[in-house]
Amino acid sequence: MEKGEKRSRFRRICVYCGSQPGKKASYREAAIDLGKELLTGEPVGEVRAVSDMHERKAEMAREADAFIALPGGYGTLEELLEVITWYQLGIHKKPVGLLNVDGFYNSLLSFIDMAVDEGFVSQNARSIIISAPSVKELISKLEECEPEYEVNLVWETEQKLERESHLVWEAEQKPLNFVPEQEPGIAA
């Protein structure tokens, strides 16, 4: 930290990103810039055994002070939308940021704006997502962010989320039969 710089209020930031570097050099450069911005001289990352993907995501969300999504694919989008939904439901009140490198997330932001216009997302809930084109601008916006979205739901404890996630996981583990049964009189 340079002289005169304010210490971040965030101890841990959960970063979602693609498993591939993408086609543009700017995506890789943004990931490197974010890494440099977040490095504090303290250990980075942690390896912890978990029983399933639901527990992994719940642990990451519990330990993080904020979330940032870099450009990525389905997995990045799924994890991003989940933490946005958890914020909307009142499960956490941690800032959620999009590093909108070269306008990568413009279409997603337009979709969300259309969902607001069409009455599927409230204007207040739209403010959950903080977006910026550069690392420095996004970190600055996240640091200044105060929870604006209020929800009337009350969640008992974080353990409730774990318990429900585990129950959902168990339900998903039931064997599924996707082989259609033969109709009588039709030859195989």
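Coordinate-derived values only; no laboratory data. This is a predicted model, so every value here is computed, not measured. Positions of Cβ are generated from backbone atoms using ideal geometry, with glycine treated the same way; all protein chains shown enter the neighbour counts.
What's the extension gain from residue 37 to residue 143 if we count 0.36 nm per residue and subtract their Cα-Cα distance? Working shown, then result.
Values: separation 106, 0.36 × 106 = 38.16 nm, distance 1.30 nm.
Full-extension gain reported as 36.9 nm.
Compute the length gained on full extension between residue 23 and residue 110: take 0.36 nm times their separation in residues and subtract their Cα-Cα distance, giving the result in nm to one decimal.
Working: separation 87, 0.36 × 87 = 31.32 nm, distance 2.25 nm.
Computed gain between residue 23 and residue 110 is 29.1 nm.
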³J(HN,Hα), Karplus 6.51/-1.76/1.60, whole Hz, each residue of region 89-94, x for Gly, Pro: 7, x, 6, 8, 10, 10
Amide H contacts of residue 92 (H built 1.01 Å from N, under 5 Å, at least 5 apart or other chain): 87
Among 11-18, 70-77, 113-120, the order from most to least packed when residues are scored by Cβ within 10 Å on average: 11-18, 70-77, 113-120
Note, ³J(HN,Hα) from phi for region 67-80, Karplus 6.51, -1.76, 1.60, rounded to Hz, x at Gly and Pro: 10, 9, 10, 8, x, x, x, 4, x, 4, 5, 4, 5, 4
Amide N of region 90-113 lying under 11 Å from the label point, which is placed 7 angstrom from the Cα of residue 120 along Cα→Cβ: 111-113
³J(HN,Hα) computed for each position of region 57-66 - Karplus, 6.51 cos²θ - 1.76 cosθ + 1.60, integer Hz, glycine/proline x: 5, 5, 5, 4, 5, 5, 7, 7, 9, 6
